[in-house]
Structures are given as structure tokens and as C-alpha cells.
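Data first, discussion second: the structure below is written as C-alpha cells.
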Amino acid sequence: MAEVVVLPDPEALAEAAAERVVGVLAAAVAGRGIAHVALTGGSTAVALYVRLATWPRREAFDWSRVELWWGDERYVPPDHAASCARLALDILLDIGDGGMGLPVPAERIHPFPVEAAIGEGLGAAWAAKTYAERLRARVPVGRDGLPVFDLVLLGMGADGHILSVFPGSAALAAGAPLAMAVPAPTHIEPHLPRLTLDPRVVTVARHVLVMCHGAAKAGRVAEVLEGPLDVARLPAQLARGDNAVWLLDAAAAAGLMRR
């Protein structure tokens, strides 16, 4: 079963997440010379990225040995407010002169190729296929030919989705491609088309970190972690394995029987 850690509030959650991210990635770099991480979006990511990009974590180890990927993306231009890549580029990273983010080289930053897909009219399916090819070329392969990330960062939606894999998603089907285009959801915001990875990457990753806060998600958190296994209805249950740690604030953990 996944480890569950309950923190008093969102600020403490972000601090704990930053410490764990640094520990996992530093160990990967020390052991294998490189670390592959799949980033996430959302409000929990903002708080985490701010803490990672500032002292002392900015100087904690050699960030130039980290390869950054995304677990999912909104199919919008990179300057769009909803872009997951923009969130990281604005807060986490230093790819220009005089920036104060993490010094990850530009050639190790791998957003979904949405800008090219939109600008050249190539379409979301092309962006997904191209991203899958890049992943296979750079990330070690594990079970079922899936890329093995050293760390996958996740948030959970109110409906129990992770990445952009919603309940009943075609991405959950056997034989789904490594990366695929996802239609805009109608039941949850933002109502934008997406790109996502095969969610089984969560099950083969070396480490998974799920961050969730707020009373509004307490019922769903309890259902995902302690309810019957039904991944088609609750995709977040893919992160119930012993490679996963759930960081929850007290409000999000309120419905759990095991505390």
C-alpha cells in the first residue's frame, strides 16, 4: 500500500513535498548520474515549485543532471495561463540570463510539443506521437515497454482523476498508446483538450508523489485510498502501490480511517 503522510496545512505539505523531491532526485543523480521526473500542474505544484527554486534547495545538488518531462498538458499555446509547461517555466526554471529558478539546461527540459503542433497545424495526435518517441529515446524502459521515471509528481482531481486521465478514459484501455490526445472534459474545469501519458507509467515509476489538500477532496481521498479497487472509476487508485507517497493536509485526510 502507498504511504500516507498527513501534514497540518498546505504550507507544511509543500515543504514536505520539496524535501522529498530533493531527496529522491539527488539519490537518483548520485546513483545513476541522471534523474527523470514527470512534472504536474495545479495549485499544489505552484507552492512546491516556489520552494524548489529558492535557496537552499536550488543548491542542494546538481540540477543540471535532471531531465524534466510532463505527465500531461493542456492543448493550448505555451503562453496560455492554463499551460502546465508555462507554470513550470515561469516559477521553477532558469533558462535565461539572470533568472533565479533551477539551473536545468534547456536541452533537458521536454514539454509536450504543443507550440509546434498548434503553430504548424499538425494536431494534437501528432504532438502525442512525437512526445512518445522522445520519451522512448531518452528515458529507461521497464515493464510493458513503459518509461521508468525516477519520480512522478501528481495531483488528484475532485473526480479522482490523475494526469488528464478521467474516469472511463480511453487511456485506461489495454493497448492504449504511450501518449495520447484527450478531448476537453465537460464535467471538470478547465474545459480544454489535453495530452496525457499512459497512466500505467505511475505503476512502474521508482517513486510517485501525490499531493492533495483541502476539505473538498476529503471524501474522494478516502474513497481512492481505502475503497474497493476500481481504476476505471477512480484512476488515482493507480497510485496505491508501495512506490507511492500521498502527502495530504489535515483537511484532505479528514475522511481516512487510517491516520
The simple spin-label model distance between D9 and V50, using points 7 Å out along Cα→Cβ, in nm, is 1.3
Other residues with Cβ under 11 Å from the Cβ of R240 give, with Lys and Arg +1 and Asp and Glu -1, a net charge of -3
Farthest towards the positive end of the dipole of region 3-249, among H161, A232, L192 and with Cβ unit charges of +1 on Lys and Arg and -1 on Asp and Glu, lies the Cα of A232
Taking R0 as 22 Å and r as the Cβ-Cβ distance between A215 and A173, the FRET efficiency 1/(1 + (r/R0)^6), rounded to the nearest 0.05, comes to 0.05
Applying the span-like rule to the chain (DSSP H, Cα extent along axis at least 20 Å, Kyte-Doolittle mean at least 0.5) gives 10-32
Label model pair I188, E107: point-to-point distance (7 angstrom along the Cα→beta-carbon line) in nm is 3.8
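Using Cα pairs closer than 8 Å and at least 6 residues apart in sequence, work out the relative contact order for the chain, in percent. Show your work: numbers first, answer last.
Details: 517 pairs, mean separation 63.2, N = 259.
Once divided by the residue count of the chain, the mean separation gives 24 percent.
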Calculating mean projected area of the Cα convex hull in nm² from this structure picks out, from (i) 13.1; (ii) 15.1; (iii) 16.1, entry (i)
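Tell me, what is the FRET efficiency for N243 and E120 to the nearest 0.05, using R0 = 41 angstrom and their Cβ-Cβ distance as r? Display every interim value, and only then the final one.
Numbers: r = 38 Å, r/R0 = 0.92.
Result of the calculation: an efficiency of 0.60.
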Taking r as the C-beta separation of E133 and A232 and R0 as 30 Å, the FRET efficiency to the nearest 0.05 is 0.60
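Ranked by Cβ crowding within 10 angstrom, fewest neighbours first, how are V202, V46 ordered?
Working: V202 28, V46 16.
By the 10 Å Cβ count, ascending, the order reads V46, V202.
Let's see if you can work this out: charge +1 on each Lys and Arg Cβ, -1 on each Asp and Glu Cβ, no other charges. What is the dipole magnitude of the chain about its Cα centre, in debye to the nearest 20?
Numbers: 23 positive and 28 negative charges, 114 e Å.
Dipole about the Cα centre, nearest 20: 540 debye.
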Between the modelled labels at M1 and R32 (7 Å from Cα along Cα→Cβ) the distance in nm is 2.9
Checked region 1-103 against the a/c 1.5 cut and the a/b vs b/c comparison, axes a ≥ b ≥ c from its Cα gyration tensor; verdict rounded
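Every read-out reported here was derived from the displayed coordinates using simple, explicitly stated rules and does not represent laboratory data. Computed from a prediction, not measured in an experiment: that's the story for all the values here. So basically every Cβ, Gly included, is an ideal-geometry build from the backbone, and we count neighbours across all protein chains shown.
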